[in-house]
Amino acid sequence: MRRILIAIAALALLGIIAYGMFGMGGSSGAGGMIQRDASVNDPPAPAITVRDLDVGQGDATYIHNGDSRVLIDGGPDARRMGFLLDSLGLNNRTMDVVILTHQHSDHYTGLLPLFDSRRHIRIRYFFEDKDPSAASTLARLRDSVISRVQSDSLQYRSTDDPCGDGEAMCTITLRGGATMHIMRPLAAPAKPNNRSVAVKLVGADSGSFTMWIAGDAEHSAIAHFEAEGYAVNPGMKVDVLKADHHGSCNGVTPRYLELTQPTWAVASLGAVNDYGHMHQQAKAEYRNAGVQWYRTDQNGTVTIQSPGLPGSGYTITPSRPGKDLNGPSDRRASARGCAGGDS
Ligand SMILES: [Zn+2]
């Protein structure tokens, strides 16, 4: 009984600490921003849910922790993401953080419906590289973001200066107590894939749940993550690695897997794609490093859940069973194909 009471007290304390937190600061943790919009009697639960959404050939990751909601990329299809926003109950909600990892349409097109006025979705922070682009769909998205800056105090941040304080890393505390580190990408000019921002999600502690997400980062961007010191701070070792670049062989290196040491990789891709994803070489590298994988084209949406308490661990559940699966488009990339490929 005594032990139960202590556990309840500890949970309550954790809830109070986590309550209302949504602080952002550079790597020093400076410059907090606190939002309090929940009832004191109703502390948000610390549970973390991450969904690698099945959006076809593209990326979209939705994170929910406490009352905080984060979307990293929106996939290639606005209608599909609109359907997902409906089914996830995200209309009339606040999306605390939206991150466009880099400026390719298979990542940004699905972000458009967030701004449909009929959905009444409020967005607090929008991150992207802000690199010049001639793409009309991206211009539309940027117009929507800028108009929200004016009308709804959206904070529009460059991934090159994610906290707006000159620091390479911006740490955000979500309202359930999880933290998210947003890391400055390889400097411009670089091809869009290599401008992909890296994001590390950490549960209550590293024994709770950790995940690394870095868009379509290819070899030079992956080398940059280590050169920039991210392997030391915030650390790259994680439970789950979002397979960079849809399982392309240019999105993984043996060194990357040595640094991240994931148990699982999750690749987001369409079953029929022109790029040969997942590449045979990438699967071989995962296999050699003892990394198991799920892939959205075969497994559907992959859901990761953690109670969000220190040392609580996590579960990873595909919508359709089977691990380390192959897909109909998988092929061996030529060395040239491995070095190229944009989407
Ligand atoms: Zn992509």
With on the phi < 0 side of the Ramachandran plot, acidic (Asp, Glu) and surrounded by fewer than 20 Cβ atoms within 10 Å (Cβ to Cβ) as the only criterion, which of ASP106, ASP129, ASP116 stands out? ASP116
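Given the options ALA190, ALA198, ALA214, name the one that is among the aliphatic types (A, V, I, L, M) and surrounded by fewer than 23 Cβ atoms within 10 Å (Cβ to Cβ). Spell out how you get there, then give the answer.
Details: ALA198 fails: surrounded by fewer than 23 Cβ atoms within 10 Å (Cβ to Cβ); ALA214 fails: surrounded by fewer than 23 Cβ atoms within 10 Å (Cβ to Cβ).
Exactly one residue qualifies, and that residue is ALA190.
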Restricting to region 252-270, count the residues that are closer than 16 Å to ASN193 by Cβ, hydrophobic (A, V, I, L, M, F, W, C) and either assigned to a helix (DSSP H, G or I) or touching an Asp or Glu at 6+ places or on another chain (Cβ under 7 Å) (or both). 2
For region 224-252, pairs from a residue that is on the phi > 0 side of the Ramachandran plot to a residue that is at pLDDT 95 or above and in a helix (DSSP H, G or I), with Cβ under 8 Å and 6 or more apart or across chains, are HIS245/ASN193; HIS245/GLY251; GLY247/ALA282; GLY247/LYS283
Pairs needed: first member in region 87-98, under 16 Å from THR179 (Cα atoms); second member anywhere, part of a loop (DSSP other than H, G, I, E, B) and modelled with pLDDT under 95; C-beta distance under 7 Å; at least 6 residues apart or different chains. ASP96/PHE22
Conditions first: (1) part of a helix (DSSP H, G or I); (2) out of contact with any His (no Cβ under 9 Å at 6 or more places or on another chain). LEU71 passes all but one, so which condition is the exception? (1)
Evaluate region 296-318: report whether one residue or more is without any contact (Cβ under 8 Å) to a residue 24 or more places away in the chain and surrounded by fewer than 22 Cβ atoms within 10 Å (Cβ to Cβ). yes
Answer yes if at least one residue in region 176-198 is closer than 24 Å to TRP293 by Cα, within 16 Å of the ligand (Cβ to nearest atom), modelled with pLDDT of 95 or more and among the hydrophobic types (A, V, I, L, M, F, W, C), and no otherwise. yes
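Residues are listed down the side, and each one gets a yes or a no for (1) in a helix (DSSP H, G or I); (2) within 16 Å of the ligand (Cβ to nearest atom); (3) over 17 Å from the mean Cα position of the chain (by Cα); (4) aliphatic (A, V, I, L, M):
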residue: HIS245; (1), (2), (3), (4): yes, yes, no, no
residue: ASN250; (1), (2), (3), (4): yes, yes, yes, no
residue: VAL272; (1), (2), (3), (4): no, yes, yes, yes
residue: GLU285; (1), (2), (3), (4): yes, no, yes, no
residue: THR303; (1), (2), (3), (4): no, no, no, no
residue: GLY311; (1), (2), (3), (4): no, no, yes, no
residue: ILE316; (1), (2), (3), (4): no, no, no, yes
residue: LEU325; (1), (2), (3), (4): no, no, yes, yes
residue: ARG332; (1), (2), (3), (4): no, no, yes, no
Selection over region 48-68 where residues are modelled with pLDDT of 95 or more and away from the ligand (no atom under 16 Å from the Cβ) yields a count of 9
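Are any residues in region 211-229 more than 12 Å from the ligand (Cβ to nearest atom) and closer than 24 Å to GLY313 by Cβ, and if so, which ones? Step through it out loud before you land on a result.
Within region 211-229, the first condition is being more than 12 Å from the ligand (Cβ to nearest atom), and the residues that meet it are 211-213, 219-229.
Within region 211-229, MET211, TRP212, ILE213 qualify.
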Counting only residues that are assigned to a loop (DSSP other than H, G, I, E, B), within 15 Å of the ligand (Cβ to nearest atom) and aliphatic (A, V, I, L, M), region 99-133 contains a total of 1
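The values are calculated or read from the model by the stated rules, or taken from the named source; none is laboratory data. Bear in mind the structure is a predicted one, so any value in this text is a computation, not a measurement. Here the Cβ is made from the backbone with ideal geometry for all residues, glycine too, and neighbour counts use every protein chain on show.
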